[in-house]
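Structure first, commentary second.
The values are calculated or read from the model by the stated rules, or taken from the named source; none is laboratory data. Bear in mind the structure is a predicted one, so any value in this text is a computation, not a measurement. Note that we place each Cβ from the backbone using ideal geometry, even for glycine, and neighbour counts take in every protein chain shown. Heads up: the accessible areas ignore ligands, DNA and RNA and are worked out on the full protein's heavy atoms, side chains in. Shrake-Rupley method; radii C 1.70, N 1.55, O 1.52, S 1.80 Å.
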Amino acid sequence: MDGIVSDVAVGVKRGSDELLSGSLYNSPSSVTANGNDSKKLRVDDRMDSPPSRVLHIRKLPNEVAETEVIALGLPFGKVTNILMLKGKNQAFLELGTEEAAVTMVNYYTAVTPHVRNVPVFIQYSNHKELKTDNALNQRAQAVLQAVSAVQAGGTPTSGSTASESALTPAPSPVLRIIIDNMFYPVTLDVLQQIFSKFGTVMKIITFTKNNQFQALLQFSDPVNAQQAKLSLDGQNIYNACCTLRIDFSKLINLNVKYNNDKSRDYTRPELPAGDGQPAIDPSVAAALTKDSSSLLGTPSGMVASYSSGGGFPSSLGFGQGGGALSPLSAAAAAAAAAGRVALSGHSGTSGVLLVSNLNEEMVTPQSLFTLFGVYGDAQRVKILYNKKDSALIQMADGNQAKLAMSHLNGQKMYGKIIRVTLSKHQTVQLPREGLDDQGLTKDFTNSPLHRFKKPGSKNFQNIFPPSATLHLSNIPQDVTEEDLRLLFSNSGGTVKAFKFFQDHKMALLQMATVEEAIQALIDLHNYNMGENHYLRVSFSKSTI
């Protein structure tokens, strides 16, 4: 029933039995919501509609937040209005210019947009602008205002009528922050950088409770705390991980005794560091300070039109799953310095993935091991006997499983878009001895090809989403560019560009599409180039 909008609700204040107004039928140039009309509205499937700065977004997951929809548009320019159709899992998003909307549609035509790991559908609306009744759409407008202020690099004004009328008075200037899916270290400075976009951050205390990293953060004004909570709750600091869960604290003032990596009072720089307080690991500190601007910077390959906002919008979790954007290099370096992909407290998650919609004619345990091995050490792979388009993959731990899922869900392998989810299984069972399972199960526990066995390995710093550009290493001296172009062309793709590094032991090679690059990596990682040189292939964040 795609393309049908009926019983439309605006924001969260209205029931699912209320409708868009009749002016929507009468004017092809605007969408108006005032809730006066009871007619049902058919919206045509507008795949072929002419470009418009109003976009129609469908198949949104239940309980989606306004910020998650706004985040889809933020990388491409200013978002000027939003209309949430809660009853039908749809929304209209208005961008500042038609050019920004065209860029967004073009990007999401090539890369499937995901919200909460669910693929969504974006197309042009045949309406040229979005007119919403603020009285009925207050929450959405308040969120939009708060996010827009961040995007513009400013601070939301505490006296704004849109935000204040939408909200009850803030109970406290102190927020309690819990970080879920913490694949990368989150420092006190990272929190300060994010939250200071909403007002003056006075104090922060971080701690671990119930195996979860938490923080208390105090603003100078409760209204700023309210706007930060509205805009940031449920968002990701880094792509597909480090999710912010925010509530108001019962405290109204924090008592900070020491200024160190665990707590800080920005109003009292003279405070001591404190005895027995462990300082941040020097290698982690070096990784963070080396390129601190990129911690929340523009992910590689994404439009940089919002860089004036301090790079912050990259934290708003767009592009999860298929076409997932790069976890930021400084964060990856920090994780490498810490000697692990993830922090403690999350290892209890199952490390087994269920991969479905595989091309059963082509897929093998070895091909899945090679591809998933880019994001963790795959221990066992089992293609299901009665459902050969599905497989179970056991990673070394739950964090590696989540990392692989965030990068590979929605990617194309052997011509089919694969789906990757966490399995309820704790392990992958090997077949009973003497039982022939036709080679569908393979144990890779002792494979020499694991990339992450060595703590602190450089491979931790080079975890990037699938891209058309591949990084090649361990190339023999006598191998030429022509040799490598021919080798990769024979994997069934087209080599678009090539560049040797100075020592000729490494190179960048760009295939025509991401799918071709995935295929080439599966076929040619660990390829014997002669004289005991086995080619190493990984995805690159660079372009040629």
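Hey, can you grab everything whose amide H is under 5 Å from the amide H of L430? Only 5+ residues off in sequence or another chain; H modelled, so Pro and N-termini drop out.
Long-range HN contacts for L430: none found.
Considering only protein heavy atoms, what is the solvent-accessible area of T421 at a probe of 1.4 Å, reported in Å² to the nearest 10?
Approximately 70 Å² for this residue.
Give a quick list of GluC sites (Glu not before Pro) in segment 492-540 that DSSP marks as loop, anything other than H, G, I, E or B, with at most 12 other Cβ atoms within 10 Å.
Within segment 492-540, the qualifying GluC sites (Glu not before Pro) (loop, at most 12 other Cβ atoms within 10 Å) are E531.
Using 0.36 nm per residue of separation minus the Cα-Cα distance, give me the extension gain between T445 and K458 in nm, one decimal.
Once the chain is fully extended between T445 and K458, it gains 2.6 nm.
I'd like the Karplus ³J(HN,Hα) series for segment 499-509: coefficients 6.51, -1.76, 1.60, θ = phi - 60°, whole numbers in Hz, and an x wherever there's a Gly or Pro.
The phi angles translate into 8, 7, 6, 4, 7, 6, 8, 10, 7, 10, 9 Hz.
So for the pair D221, M362, with labels modelled 7 Å out along Cα→Cβ, what separation do we get in nm?
In this crude spin-label approximation the distance works out to 5.6 nm.
Which FRET efficiency, nearest 0.05, do N474 and L422 yield, Cβ-Cβ r, R0 22 Å?
The formula returns an efficiency of 0.10 here.
At 1.4 Å probe size, put I122, I463, I544 in order of accessible surface, largest to smallest.
Correct descending sequence by accessible area is I544, I122, I463.
Working from the pairwise distances between different alpha carbons, so that the mean of 1/r is found and then inverted, what is segment 216-265's Kirkwood radius in Å?
Hydrodynamic radius (Kirkwood, Cα only) of segment 216-265 equals 12.5 Å.
Could you give the length gained on full extension between V118 and D233, defined as 0.36 nm per residue of separation minus the Cα-Cα distance, in nm?
So the extension gain works out to 39.5 nm.
Nearest 0.05, what FRET efficiency do D436 and Y258 give at R0 = 60 Å with Cβ-Cβ as r?
My answer for the efficiency is 0.40.
Quick one: if you stick a label point 7 Å off each Cα along the C-beta vector at S489 and E99, how many nm between them?
3.9 nm
Within the set of other residues whose C-beta is less than 11 Å from the C-beta of D389, count the net charge using Lys and Arg as +1 and Asp and Glu as -1.
+2
With θ set to phi - 60°, apply the Karplus curve 6.51 cos²θ - 1.76 cosθ + 1.60 along segment 403-419 and write out the HN-Hα couplings as whole Hz, x wherever there is a Gly or Pro.
Here the 3J(HN,Hα) series is 5, 4, 4, 5, 8, 9, 5, x, 7, 9, 10, 6, x, 10, 6, 8, 10 Hz.
Can you list residues whose amide H is under 5 Å from M413's amide H, if they're 5+ apart or on another chain and H is modeled 1.01 Å from N?
I418
List the residues, sorted by chain then number, that are 5 or more residues from F501 or on another chain and whose placed amide H is less than 5 Å from its amide H.
M506, A507, L508
Taking the Cβ of S447 as the center, what net charge do the other residues with Cβ under 15 Å away carry, scoring Lys and Arg +1 and Asp and Glu -1?
Around S447, the surrounding residues sum to +4.
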